[in-house]
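Okay, structure first, notes after.
The values are calculated or read from the model by the stated rules, or taken from the named source; none is laboratory data. It should be emphasised that the depicted structure is a prediction, and the values quoted were computed from it without experimental measurement. Here the Cβ is made from the backbone with ideal geometry for all residues, glycine too, and neighbour counts use every protein chain on show.
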Amino acid sequence: METKVKRQFDIEIFRIADGEHTYEMEVNDAFFALFDYGLVEKGNARAEVVLNKSTRMLTLDIHVEGQVELTCDRSLETFDYPINLDERLIVKYGEEEVELDDDILVITQNTQKINLAQFIYEIIGISLPMKKIHPDYLEEEDEDEFDELSEGRLVYSSMEEGEETEDDEAPEEDTTDPRWAILKNLKNN
């Protein structure tokens, strides 16, 4: 079943003619089950891929729209998070298959098909917020942040409260080791 779901994201590039081609792909729970990363396990979205093929490269414009199920970091309740993304993948022909960048791929002239499942999963994962807050708690979260900022407190700090920085300390007397002072004198002569 896994390979059947994954094959739905294959695009046969070897035999298609140069020009523009459009594909639609269903992104659902079975799709998310292909990946063990745990970012998203459930969702319902549609991916529209517009492939523009030329003799030297492929340009894939991918639009994903729908929703994914996330777990709130605060309450551990699940909620639907809307996604609406547009990304571009450029596939060039070369001597060996290499991923040059997150959105640039090199394939050989003999490559029969490309699979977009991993790329679609990654762009969905990148679009998710770092802090996943249920919509019922969003106003509360904004008020907390505003209160902290209005009080003039530092929200994130690696220092303990009451700890002074080097700038806050009073200047100390020169406590240079006398051996270093002698070496500095040699350097000046």
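Residue by residue, here is whether (1) surrounded by 14 or more Cβ atoms within 10 Å (Cβ to Cβ); (2) in contact with a strand residue (DSSP E or B) (Cβ under 6 Å, 6 or more places away or on another chain); (3) in contact (Cβ under 8 Å) with a residue 60 or more places away in the chain; (4) under 15 Å from PRO129 (Cβ atoms) holds:
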{"site": "ASP18", "(1), (2), (3), (4)": "no, yes, no, no"}
{"site": "GLU24", "(1), (2), (3), (4)": "no, yes, no, no"}
{"site": "ASP36", "(1), (2), (3), (4)": "no, no, no, no"}
{"site": "VAL50", "(1), (2), (3), (4)": "yes, yes, no, no"}
{"site": "LEU70", "(1), (2), (3), (4)": "yes, yes, yes, yes"}
Task: Matching entry among ILE13, ILE83 (being buried (at least 16 other Cβ atoms within 10 Å of the Cβ) and more than 30 Å from TYR137 (Cβ to Cβ)) - done: ILE13
Open item on the list: Please verify whether VAL64 is surrounded by 14 or more Cβ atoms within 10 Å (Cβ to Cβ), touching a residue at least 40 places away in the same chain (Cβ under 8 Å) and aliphatic (A, V, I, L, M), treating the condition exactly as stated.
Closed with: yes
- [ ] Would you please name the residue that is farthest from THR3 (Cα to Cα), looking only at residues in the range 77-107 that are at pLDDT 90 or above and β-branched (Val, Ile, Thr)?
- [x] THR78
- [ ] Could you tell me whether TYR93 is farther than 24 Å from ALA47 by Cα, touching a strand residue (DSSP E or B) at 6+ places or on another chain (Cβ under 9 Å), among the hydroxyl-bearing types (Ser, Thr, Tyr) and surrounded by fewer than 17 Cβ atoms within 10 Å (Cβ to Cβ)?
- [x] yes
TODO: May I ask you to list pairs of residues, at least six apart or on different chains, whose Cβ atoms are under 7 Å apart, with the first in the range 81-95 being under 16 Å from VAL27 (Cβ atoms) and the second being surrounded by fewer than 15 Cβ atoms within 10 Å (Cβ to Cβ) and among the charged types (D, E, K, R)?
DONE: ILE83/GLU65; ASN84/GLU65
